[in-house]
Amino acid sequence: MRSSLLTRAVRLATLVAVVSAPASAFAGGFSLNEQSASAMGTANAGAAANPENATAVLFNPAGMSQLSGTNISFGAALLDIDAEAKSDTVQSVDALGQPGAYTGNGGDIADPALLPNVYITHEINESIDVGFGIHAPYGLAADYEDDFAGRYLADKTELTVISFTPSIAVNNGKGLSMGVGINVMYGEGRLTRYQDVRGAVVNSALQAAGVSSLDQLPAAQQQAIVAGANGLAQQYPDTYSDVEGDDIAVNFRVGFLYELSAATQVGLTAQTGTEFELDGDLVISQFPGEAIGLSGPVTLSEKAEVPLAIPESVTVGVRHRLNPTFTILAGATYSRWSRFEELDVFSAEDGAGQISQVIQPASGDPITHVTEKWDNNWQFNLGGIWQANEAWAFKAGYAYDQSPVDQYVTARIPSEDRHWLTLGTQWRDRQSGWKIDAAVGTLIFADNAKVDDREYSHQQPTVPTSNTNYQAEYELSAWSVALELSKAF
C-alpha cells in the first residue's frame, strides 16, 4: 500500500511537471519561490533550519536527519502574474529611426502557471537518511500580442526547468548534520520575435556603398534606399524568428544543520552554478527572398544553441521556538546572478548554416545577441508559526526580493524589486497522520518596471547597433496559492 502510494505520487508529479509551463514573477531572475506550501506559508523564512517534512530534500538536505522513518510530501502551487505595459508610456522606434508602425502595449503577457512538486525521504539508520525530489526551480513565460510595439525585440519567451534531486544526509548524533544533493535538471526554452527587414536592407546597401551610415550618401540615394526598405517591409510584415532548444544540466547542493539548543537551530545551504546549452533549431520564416537573390518568401533554418547561466547561491536560516506554541523563523539568500551577462543564439553549424550565410556574424559572434548584465541579489525572509492546538497551525511570512535586472531592462523580462506577503495553515489528522498545508501569497512590486530595450552587439554589449528601440513602464502584480499533503510512515 505504501509503495503503491509513493509510486502514484511520483508519477503524478512527473506528469504534471511535463505538461506545465512555469512562469517567473520577474524579480529573483527566473528562479521560482513556490516549491512547497508548508514553506510558502512563512515566505520560505528559515526553511534551511526548519525541516518540517520531506521538503527538506530541497531546502536543506541536512534536515532529513531530523525526520524519522519514511516521509512523503507532494503538492502544487498556482502562480498568476499580471504584467502589462501602460499604454500611455509605450514608445517605439524602427530600424530607420522613424516612429514604430505598431503601437500596441502587448496585453497581459503572463498566463497562470502550475508548479508541481514531490519529495520523499527514508531513514536508513540512526546516522544516514536519503531522499529524492521532483520540482520546478526555474521558469519563465511571456507572450505578447501581434500588434506589440516592441515586436522586433520580443514576442514569446519561454523557459521550463524540471529538477530531479537525489540527496543524502548524515549526522553525528550530537546535533550536527550534513547533507548533499544533486540537481539533475532538464530545461527547454523558446525565444521568438518579428524581424524588421528594413534594417537588413539598409545594412546591405551601406556595405555595398562602402559607408557606415546613410547620411554619408547623397540625398537621392538615401531616399531610394529608405523607399526600398519600406516597400519590402510592407511586403513582408511577418518575417519571424523562432529558436527552440533543450538540454540537461547538473549542479550540487550541500547543507549543514546545527542544533544550538533545544529551542534554536541554524541551517546553511550552498548551491553551485551551472549552465544549460539549449540545443535546437533557429528558423526564420517569411524571409524576403529578394534579399538573397530569390523571389517570394522563403524559410531559413539552422542548428543553434543558447547558453543559459544558472547562478550559485547561499542560504542561511534560523528557527527559534519561543515556547511550544510560537516559533519564529528568519533567513537570507544570496544569488550570483551576475553570471547572466547575455542572452545569445549561436550557430551550431560553425557559421555554415543558411541564416549565418545571410547575416554573416564575425568569427566567434552569435547570430543574435541580447545584453543582460544582471547583478547579484539578496532575498530576506521573516516568518512565524502559531500552533493553535494539536490539529491546527497558522503561519505568516514576509520576504524582500531584490531584482537582479539593473540597467538593461528588456521586454522579455520586465523586472523590479518586490515584497512577498504570505499566509498559511496546516491541519493534521491525528488518526491517519496526514498533514495538509495550504498557503496564499501576493507580490507587491516596489515600482513600475521601466523597460528601455535596444539592439546591442556582442563585441560592444553597451553600444546600440541600430535605431530600433522600445520603451514602456510595466505594471506588475502576482498572487499564488499552494496545497501540499505530507505524511510520515
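Karplus-derived 3J(HN,Hα) values for the stretch 40-56, using 6.51 cos²θ - 1.76 cosθ + 1.60 with θ = phi - 60°, are 5, x, 10, 6, 6, 5, x, 4, 6, 10, 9, x, 5, 7, 5, 5, 4 Hz; glycine and proline are entered as x. Residues in the stretch 157-165 carry Karplus couplings, in order, of 9, 9, 9, 10, 10, 10, 10, 10, 10 Hz; the curve used is 6.51 cos²θ - 1.76 cosθ + 1.60 with θ = phi - 60°, and Gly or Pro positions show x. Between 0 and 90 degrees, the angle of helix 219-235 with respect to the longest Cα principal axis of the chain falls at about 50 degrees. Working ranking of peptides 477-489, 216-228, 238-250 by packing, defined as the average number of other Cβ atoms within 10 Å per residue, highest first, is 477-489, 238-250, 216-228.
Under 5 Å from the amide H of residue 446 lie the amide H atoms of 417, 418, 419, each residue being 5 or more positions distant or on a separate chain, with H modelled from the backbone and absent for Pro and chain starts. Near residue 93: Cβ cut-off under 14 Å, other residues only, Lys/Arg at +1 and Asp/Glu at -1. The net charge is -2. Computed extension length for residue 434-residue 234: 65.7 nm, one decimal, from 0.36 nm per residue of separation with the Cα-Cα distance subtracted. Cα convex hull, the chain: 137 Å³ per residue, rounded to a whole number. The stretch 296-388 has equivalent-ellipsoid semi-axes of 50, 14, 9 Å, by the square roots of 5 times the alpha carbon gyration tensor eigenvalues, sorted largest first. With a 1.4 Å probe and all protein chains left in place, how much accessible area per residue does the stretch 83-167 have, in Å²? Counting only protein heavy atoms, the per-residue value for the stretch 83-167 is 37 Å². Computed on the Cα atoms alone, the convex hull of the stretch 159-316 gives a volume of 168 cubic angstrom per residue. Considering the stretch 323-367 at the alpha-carbon level, its Rg and Dmax are found to be 23.5, 70 Å. Counting only other residues whose beta carbon sits under 13 Å from that of residue 195, what net charge do I get with K and R as +1, D and E as -1? Spelling it out: positives minus negatives among the neighbours equals -3.
Once the chain from residue 419 to residue 103 is taken as fully extended at 0.36 nm per residue, the excess over their C-alpha distance is 110.6 nm. Using the 1.4 Å probe convention, the accessible area of the stretch 349-489 works out to 48 Å² per residue with neighbouring protein chains retained. With a simple spin-label model that places each label point 7 Å from the Cα along the Cα-to-Cβ direction, the separation between residue 279 and residue 80 comes to 4.1 nm. Counting only protein heavy atoms and a probe of 1.4 Å, the accessible surface of the chain is 54% carbon and sulfur. For the stretch 386-489, the Cβ-based charge dipole about the Cα centre amounts to some 580 debye (Lys, Arg positive; Asp, Glu negative; other atoms uncharged). How far is helix 197-209 tilted, in degrees, relative to the longest principal axis of the Cα atoms in the chain, given as a value from 0 to 90 rounded to the nearest 10? With rounding to tens, the tilt is 50 degrees. Both numbers refer to the Cα atoms of the stretch 368-415; Rg and Dmax are 18.5, 59 Å.
Each principal axis of the stretch 50-143 carries a Cα extent, and these read 71, 23, 18 Å when sorted largest first.
What does the highest-first list of 53-63, 389-399 look like by mean Cβ count within 10 Å?
For the peptides 53-63, 389-399, the packing ranking is 53-63, 389-399.
In units of the compact-protein estimate 2.2 N^0.38 Å, the stretch 362-489 shows a Cα radius of gyration of 1.58. Peptides 177-184, 445-452 ranked from most to least packed by the mean count of surrounding Cβ atoms within 10 Å: 177-184, 445-452. Taking the C-alpha atoms only, the angle from helix 2-19 to the longest principal axis of the chain is near 20 degrees. The calculated FRET efficiency for residue 322 paired with residue 380, based on their beta-carbon distance and R0 = 22 Å, is about 0.60.
The values are calculated or read from the model by the stated rules, or taken from the named source; none is laboratory data. Fair warning: this is a prediction, and the values are worked out from it, not measured in the lab. Cβ atoms come from the backbone with ideal geometry, glycine included; neighbour counts cover every protein chain shown. We work out accessible area using only protein heavy atoms, side chains counted, and drop any ligands, DNA or RNA first. Shrake-Rupley method; radii C 1.70, N 1.55, O 1.52, S 1.80 Å.
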